[in-house]
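The values are calculated or read from the model by the stated rules, or taken from the named source; none is laboratory data. In this text, all values refer to a predicted model and were calculated from it rather than measured experimentally. Cβ sites come from the backbone with ideal geometry, for glycine too, and all protein chains shown count toward neighbours. Calculation scope for accessible area: heavy atoms of the full protein, side chains included, ligands and nucleic acids excluded. Shrake-Rupley method; radii C 1.70, N 1.55, O 1.52, S 1.80 Å.
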Amino acid sequence: MAIGADEMQAFLDGWQRLLAARCAEADVRRVMETPEGFDRALWGEIAALGITGLIVAPEHGGVGGGATELERVMEAAGAALLPSPLLSSGVLAAGLLGALGDAEAAARLLPGIADGSRIATVALTGPRARWIEDDVAVTAAPAGNGWQLDGAAAFVTHAEVADLLLVVARAPDGLGVFEVDPAAVATNALPAFDRTLRMADLTFAGTPATRLAGAIPAWEAVEAALDLARVAIAGEQAGGTRRVFEMTVDYAKARHQFGRAIGGFQAIKHMAADLLLESESCTSAARHAAERLAAGAEDAPQAIALAAFACADAFVHTTAQAIQMHGGIAFTWAHPAHLYLRRARADAQLFGTSDAYRERFVQALEQAR
Amino acid sequence: MTDDELIAETRAFLAANWAPGRKSSGEAYGRHPDSDFLQRVLDAGFAVPTWPRESWGRGLSAAQGKLIEREFAAAGAPGAGQDRSNLWANTAAAHAQPDFRSHIVPLLLTGRVGMCLLYSEPGAGSDLAGVRTRADRDGDDYVINGQKVWTSGAADADYGMLICRTDWDVPKHKGLSFFFLPMQQPGIDVRPLRQITDEAHFNEVFITDARVPAANMLGKPGDGWRVLMTALAYERSVMGDAARGPRSGKAGPKGDAALVELAREAGMLEDPVVRQEIARVTAYKILNRLNNARAKADMAQGNSSPIMSLGKLAMSRILHSEAALRTRLLGPQSMLEGPQHPCAEDANFLTLNAYFTSIGGGTDQIQRNIIGERVLGLPKEPELDRELPFREVKAG
């Protein structure tokens, strides 16, 4: 990682300024109602800042950052509820291409992902949607000089706006990663409870595809990309949790009932104290996972699994409590609390549930002894 | 004096006075077995180096004080850093009257007097300013009557740090006074207090017409609350034994995989519900550790951290949830006790002793008030009795 601490802080400051100026609540609400679900002009500026290429290697036009930088960037994005294909393109797809080791494909595809001109996403789970190897439900068969794909992929994020699809499919010789033109795929957009999110189910029927070469087994590359995505989501959850918590404490000081600020009532004050513990623990878990992943540490899987369930649960719990603590005002559409709850509930499913990550965590503990 | 000179001097002192590898059994309620060595530490100015020269110190900076502490710690020698850790000496040095101060502080710094705390009462727990133990002036003495509770080390103590009421006609915080009460006298009756764990680590102290010289008062009459705040700030250092391990004496598995091992031993490791709970409880432990590490890093950079206030809540959650999980692993075995059933003994002890942390030193509920008010800036609890003359405050 070539970025120094001061440089990183300046980078984050610039990122936060951009989000404050261009991704305020009103912007989120406007953009989430558009069909594409993100602001292309803002996307250009995000790219210009280096965010879309954050984890892309410098030789492919990226910044060459790692998990720790990604986590911090996502904290700010999560606090602002940024609607964008950043996770799909700049993290999952960029991470997969980076991990896979197909030099030709990386040189051809990563520069566009890094400069934002190409939006990519990864189709990697079937309808069972556990984001595990067993659930891959697309098969690949040789066809002429290339391949053709059949089957289904579920919950593919930002598939509708993608210029490039990377599809994980079962070939006769094992799992592979395939490059597919999204135009050739039947795309069924899914109505998302988190209005800032875009997802689709994809159906492949003799769909032409190009197989990417892999220096490592395909699922290992997928796991490497998923680890980055897990850390990115943990960062998003930490940022979102903190923002909602602060919003709620501010409201508890401002809102008066019975002649007193409601934060003076222990019923509210004690909830707030408990949420401080949630919020701080969430940040600690996310940053720790990022550090361990960046360091290539042996305990990285344990740290990532811990962050995956601890941060998911903290974000859902905090946003849910925030609505309760606000009372009626947060039951209105106009109040932002539900937007965070919606994001929290989506983040708690992508890419695996808390229960599943708790199981992974225990498996890591068993192996560590 | 440069840092290097200070380190050299400290090392020379330790080389001359402390046998390498010697173990110190440590201070308990004021008394220390190595008091002769502590006298030499005091004479050399290493006991409280950040205090001024005229008060047993050398006027060093906190950073230089830390250097001395580090050398002592490396040698395993006791007695340094008492300017940060000695609750008794710090309180006395800050507030005692001159004659008593010169008498008592050296004794406290050399571990020559046994001490105890006479704060809580049956009617004043969370609301400590509501104490009703009274001190009435009689010539050069005060006469003390009342009852204290949760006192450790009371039976052997030479002095108790006592908060009591000297004025009943002013609001509750304003009528308190603070004494070093001589404990070995007829009017003091110390009775062990049997806890829910069936142990007795604390005492009740019944005080009937006990006498204390007015010269032993810290601060002025009515200053007691302010003195108490000084003392409470230093109390953490003697409350270090908060979370105790299982009682069976069996070490048991350690580390992050400890609960995995316990579940394996219990034949429950394949139970998916148990596995979820193992993850939950282990996560609480690791998150607390990560939070503390992050707080330390923040503090090292000179920033304050809200996390410092969260440790107690986090620890309560860990202890109660771990005890519940251990109970779950045992099932009906948890109905048993006694040396034949060490696992049940452990689980049941941990279940009950978790309250030591969630109630002791201020309940979790009071801690949530403190976090809400001091960390998050939420409005303070209304106190209906704050401005009333104490005589009119409702009790019971």
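For segment A:191-216, the set of residues classified as among the aliphatic types (A, V, I, L, M) and either within 15 Å of A:ASP150 (Cα to Cα) or open to solvent by less than 40 Å² (accessible area, probe 1.4 Å) (or both) consists of A:ALA192, A:LEU197, A:MET199, A:ALA200, A:LEU202, A:ALA205, A:ALA209, A:LEU212, listed by residue number. Among residues of segment B:126-143 being modelled with pLDDT of 90 or more, under 24 Å from the mean Cα position of the chain (by Cα) and open to solvent by 20 Å² or more (accessible area, probe 1.4 Å), the one that is nearest to B:ARG31 (Cα to Cα) is B:LEU128. Being under 30 Å from B:ARG386 (Cα atoms) and part of a loop (DSSP other than H, G, I, E, B), is that true of even one residue in segment B:222-235? Looking for residues that are under 30 Å from B:ARG386 (Cα atoms) and part of a loop (DSSP other than H, G, I, E, B), one finds at least one in segment B:222-235, hence yes. Close contacts from segment A:291-320, counting a first residue that is not assigned by TED's automatic domain parsing to the domain that holds A:GLU71 and open to solvent by less than 40 Å² (accessible area, probe 1.4 Å) and a second that is in a loop (DSSP other than H, G, I, E, B) and of a type in the set (Val, Ile, Thr), with Cβ to Cβ under 9 Å and a gap of 6+ residues or different chains, come to A:PHE309/A:THR353; A:ALA312/A:THR353.
The residues listed here are B:LEU287, B:LEU388, B:LEU376, B:LEU310; of these, the one that is over 27 Å from A:ILE268 (Cα atoms) and at pLDDT 85 or above is B:LEU388. Among the residues examined, A:LYS269 does not qualify as farther than 20 Å from A:ALA368 by Cα and either surrounded by fewer than 22 Cβ atoms within 10 Å (Cβ to Cβ) or assigned by TED's automatic domain parsing to the domain that holds A:LEU197 (or both). Look at segment B:374-388: where a residue is not assigned by TED's automatic domain parsing to the domain that holds B:ASP127 and a partner is acidic (Asp, Glu), sitting 6+ places away or on another chain with Cβ atoms under 7 Å, you get B:LYS380/B:GLU373. If you go through segment B:191-207 and keep only what is open to solvent by 40 Å² or more (accessible area, probe 1.4 Å) and without any contact (Cβ under 8 Å) to a residue 60 or more places away in the chain, you end up with B:ARG191, B:PRO192, B:ARG194, B:ASP198, B:ALA200, B:HIS201, B:GLU204, B:PHE206.
Each residue in segment B:144-181 was checked for being open to solvent by 10 Å² or more (accessible area, probe 1.4 Å), closer than 22 Å to B:PRO389 by Cα and assigned to a strand (DSSP E or B), and 3 pass. Evaluation of A:GLU366 against the conditions (1) surrounded by fewer than 19 Cβ atoms within 10 Å (Cβ to Cβ); (2) in a helix (DSSP H, G or I); (3) away from every other protein chain (no Cβ under 14 Å); (4) without any contact (Cβ under 8 Å) to a residue 60 or more places away in the chain shows that the sole unmet condition is (3). Against the criterion of being assigned to a helix (DSSP H, G or I), touching a His at 6+ places or on another chain (Cβ under 6 Å) and more than 27 Å from B:LEU259 (Cα to Cα), A:ILE329 qualifies.
May I ask you to verify whether B:ARG294 is among the basic types (Lys, Arg), out of contact with any Lys or Arg (no Cβ under 9 Å at 6 or more places or on another chain) and more than 30 Å from B:LEU118 (Cα to Cα)? Answer is no for this residue.
Residues in segment A:342-350: is at least one more than 7 Å from every other protein chain (Cβ to nearest Cβ) and over 16 Å from the mean Cα position of the chain (by Cα)? No: zero hits. Return yes or no: is A:LYS253 within 9 Å of chain B (Cβ to nearest Cβ), open to solvent by 10 Å² or more (accessible area, probe 1.4 Å) and either over 25 Å from B:GLN365 (Cβ atoms) or at pLDDT 95 or above (or both)? So A:LYS253 fits the description; yes. Consider A:GLU36 carefully, then state whether it is within 19 Å of A:GLY239 (Cβ to Cβ), outside the structural domain of A:THR283 (by TED's automatic domain parsing), touching a residue at least 12 places away in the same chain (Cβ under 8 Å) and open to solvent by 10 Å² or more (accessible area, probe 1.4 Å). Against the criterion (within 19 Å of A:GLY239 (Cβ to Cβ), outside the structural domain of A:THR283 (by TED's automatic domain parsing), touching a residue at least 12 places away in the same chain (Cβ under 8 Å) and open to solvent by 10 Å² or more (accessible area, probe 1.4 Å)), A:GLU36 does not qualify. Listed by position, the helices (runs of 4 or more DSSP H) contained in segment A:55-163 that have at least 1 residues being out of contact with any helix residue (DSSP H, G or I) (no Cβ under 9 Å at 6 or more places or on another chain) are A:103-115.
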